[in-house]
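Everything below concerns the one structure shown next.
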Amino acid sequence: MGAAVGRCLRDRGHVVLWASAGRGSATAARAAAAGLIDAGTVTEIASRCDVIVSVCPPHAALEVAREVAGAGFGGLYVDANAISPATVREVAAIVADGGAGCVDGGIIGTPPVRPGFIRLYLSGPRAGEARQLFESTPVDVRVVDHGRSGADEGGADGAGVAGGGIGVVGSASAVKMAYASWTKGSAALLLAARALARAQGVEDVLLAEWGLSQPGLEERSARAARSATSKGWRWVAEMEEIAATMGAAGLPEGFGLAAAEIYRRSPHADAAGLDAVLEALSSAS
């Protein structure tokens, strides 16, 4: 996703850098294909860029923010990671200490290879600046201009904004958390249901019933298994962030935590198939 977003910005005429330090050969190949310039390190990017867009696995979002702040970056920091509103407000505070402004972002959709494939939700007082970067690109940018009702958002770039204030850091992430709680959460539940049926020796009966009353679920469960093996390693932290978001809203955290455990148990290898996933789910100690 990061390479795809970077390519859209490059095609718009922006000079786009990325940091290869600590990244693998597959990431480097995607960046090269997107025409991104390797700056080597985040510190180098911070010294050369006016805007930094962070797109990384959720568990690394705070670490990247600290690295950027430590480099003394004083520009605009767009956090487009799948993290909770509370975590993105922490990110905003971290980069503010280093002298940067923060825009909250949430990406929904597939890599933006053509118009309509991705929406980038933005919030925060400087969201308009970030939106301008993506004008005339395939990325559909939507600014969320309201926040939580009856709550003091606090934090960097959101300080003093209460109730339904305009430009609240955290609102875009709230959209992402609510959306992914269903898409990734329901996929995890589907895998758990099929693993349960297999463990109880009634998988064939369940599949037959799905064919009668829920056509498409068998194929969807197979797709969920493929996603779990290829992407589930980074969805663990995302589901934990969703659980925290639910808890902060007074809702049960268990949905997100259970989904995180499903993705944690899944084998994280592209070659692993449906059978390997279902076996791992029911045999984990």
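Here's how it looks for residue 103: its modeled amide H is under 5 Å from those of 77, 78, 79, which are all 5 or more places away or on a different chain.
Residues with beta-carbon under 13 Å from that of residue 32, excluding residue 32: net charge, scoring Lys, Arg +1 and Asp, Glu -1? Net charge in that neighbourhood comes out at +3. Take the alpha-carbon centre of region 164-226, take the same for region 240-259, and report the distance between them in whole Å. Their Cα centres are 16 Å away from one another.
Applied to region 124-137, the Karplus parametrisation 6.51 cos²θ - 1.76 cosθ + 1.60 on θ = phi - 60° returns per-residue 3J(HN,Hα) values of x, x, 10, 4, x, 5, 5, 4, 4, 4, 9, 4, 6, 10 Hz, with x for Gly and Pro. Averaging 1/r over each pair of different alpha-carbon atoms in the chain and inverting the result gives 20.0 Å, the Kirkwood hydrodynamic radius.
Region 35-76 and region 1-28 have Cα centres separated by 12 Å. With a Förster radius of 35 Å applied to the beta-carbon distance between residue 131 and residue 47, the computed FRET efficiency rounds to 0.90.
For the chain, find the longest principal axis of its Cα atoms and tell me its angle to the long axis of helix 254-265, 0 to 90°, nearest 10. Orientation of helix 254-265: about 80 degrees from the principal axis.
Working ranking of peptides 71-82, 271-282 by packing, defined as the average number of other Cβ atoms within 10 Å per residue, highest first, is 71-82, 271-282. Helices in the chain, meaning DSSP H runs of at least 4 residues, each add -39500 (n - 2.57). Divided by all residues, the mean residue ellipticity at 222 nm is -17000 deg cm²/dmol. Here the chain is assigned +1 on the Cβ of each Lys and Arg and -1 on the Cβ of each Asp and Glu. Its dipole about the Cα centre then comes out at about 560 debye.
Accessible area per residue (1.4 Å probe, heavy atoms of protein chains only) ranks 255, 117 as 255, 117, with the largest value leading. Projecting the Cα atoms of 37, 217, 105 onto the dipole axis of the chain, where Lys and Arg carry +1 and Asp and Glu carry -1 at the beta carbon, places 37 farthest toward the positive end. Would you work out if region 206-285 is rounded, prolate or oblate? Take a ≥ b ≥ c from the square roots of the eigenvalues of the alpha-carbon gyration tensor; rounded if a/c is under 1.5, else prolate when a/b is larger than b/c, oblate otherwise. Because a/c hits 1.5 or more and a/b fails to exceed b/c, region 206-285 counts as oblate. Over all other residues within a Cβ to Cβ distance under 14 Å of residue 3, the charged ones net out to +2, with Lys and Arg as +1 and Asp and Glu as -1. In the chain, Cα pairs under 8 Å separated by at least six residues give a relative contact order of 14 percent. Could you give the angle, 0 to 90 degrees to the nearest 10, between helix 274-283's Cα long axis and the longest principal axis of the Cα atoms of the chain? Once rounded, the angle reads 80 degrees. Here the dipole of region 173-242 is about 280 debye; that uses its Cα centre as origin and unit charges on the Cβ of Lys and Arg (positive) and Asp and Glu (negative).
Counting charges near residue 109 (Lys, Arg +1; Asp, Glu -1) among other residues having Cβ under 14 Å from its Cβ returns a value of +4.
Applied to region 37-49, the Karplus parametrisation 6.51 cos²θ - 1.76 cosθ + 1.60 on θ = phi - 60° returns per-residue 3J(HN,Hα) values of 9, 7, 8, x, 10, 5, 4, 5, 4, 4, 7, 10, 10 Hz, with x for Gly and Pro.
The values are calculated or read from the model by the stated rules, or taken from the named source; none is laboratory data. Just so it is clear, the model here is predicted, and its values are computed rather than measured. Note: ideal-geometry Cβ built from the backbone for every residue, glycine included; neighbour counts use all protein chains shown. These accessible areas exclude ligands, DNA and RNA; they are computed on the full protein's heavy atoms, side chains included. Shrake-Rupley method; radii C 1.70, N 1.55, O 1.52, S 1.80 Å.
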